[in-house]
1. So is L98 of a type outside the set (D, E, K, R) and either in contact with a helix residue (DSSP H, G or I) (Cβ under 6 Å, 6 or more places away or on another chain) or touching a residue at least 60 places away in the same chain (Cβ under 8 Å) (or both) or not?
2. Out of segment 124-138, which residues are within 18 Å of S66 (Cβ to Cβ), of a type outside the set (S, T, N, Q) and assigned to a loop (DSSP other than H, G, I, E, B)?
3. How many residues are out of contact with any His (no Cβ under 8 Å at 6 or more places or on another chain), part of a strand (DSSP E or B) and closer than 14 Å to V78 by Cβ when one looks only at segment 88-107?
4. Among the numbered criteria (1) free of Cβ contacts under 8 Å to residues at least 60 places away in the same chain; (2) part of a strand (DSSP E or B); (3) touching an Asp or Glu at 6+ places or on another chain (Cβ under 8 Å), which single criterion is violated by D121?
5. I'm trying to understand the selection: among the residues of segment 108-118, which are over 19 Å from S64 (Cα atoms) and either free of Cβ contacts under 8 Å to residues at least 60 places away in the same chain or not in a strand (DSSP E or B) (or both)?
Amino acid sequence: MTKRSIFTRSIIATCLLIGAVGCSSSDTTAEVGEDMAAVEDETIDGAATTDEPVEISVIIGQTSGSAVAYQATLGSKVQIKLLNPDADDEFHLHGYDLTATAVAGQEAMIEFTADQLGSFDLESHTTGDWILTLVVEE
C-alpha cells in the first residue's frame, strides 16, 4: 500500500466517520461502540506479513489530532514516527500497548506488525491529546 493510497483511504475514512457521527442517534452509537470494542479485542493468529511497510510520520500540533486516521493491512509492518518540536512527550498506542518516549525536537518511533483487526488510538500520556487513529483491516 503506497503512502498516497494510505492518505486517500484515511481521508475517505475520516469523511465517513464524520458523516456517521453526525447522523447517528445515541442508541446506534452505543451499538457501534460495542461492535468496535469486540473487533478491537479480536487477535488474528498467523496473519500474513506484507512486503511494503506502512510508514506514518506525525508532527505534534501540525499533523496530529482526533480527526487524523491511517490505515494498515493485517500483517503489515507499521512504523509510526513521532516528533514533538516543543516538549518532551510520551506516546501510547492502545490495543497494542506500545509506548515511546520523545525528547523535545527529537523523533520517537513505534514499530510493530499489525496483527490485530480494529481501530487503535495513539495518545500522548503527557498532555492526554489524541494523536491519531490507526485502522487495521484485512
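None of the figures in this text is laboratory data; all of them are computed from the coordinates on show. Because the structure is a prediction, the values reported are computed rather than measured. Positions of Cβ are generated from backbone atoms using ideal geometry, with glycine treated the same way; all protein chains shown enter the neighbour counts.
1. no
2. Listed by number, the residues that qualify are H125, G128, D129.
3. The qualifying residues number 2.
4. The one condition D121 does not meet is (3).
5. F112, A114, D115, L117
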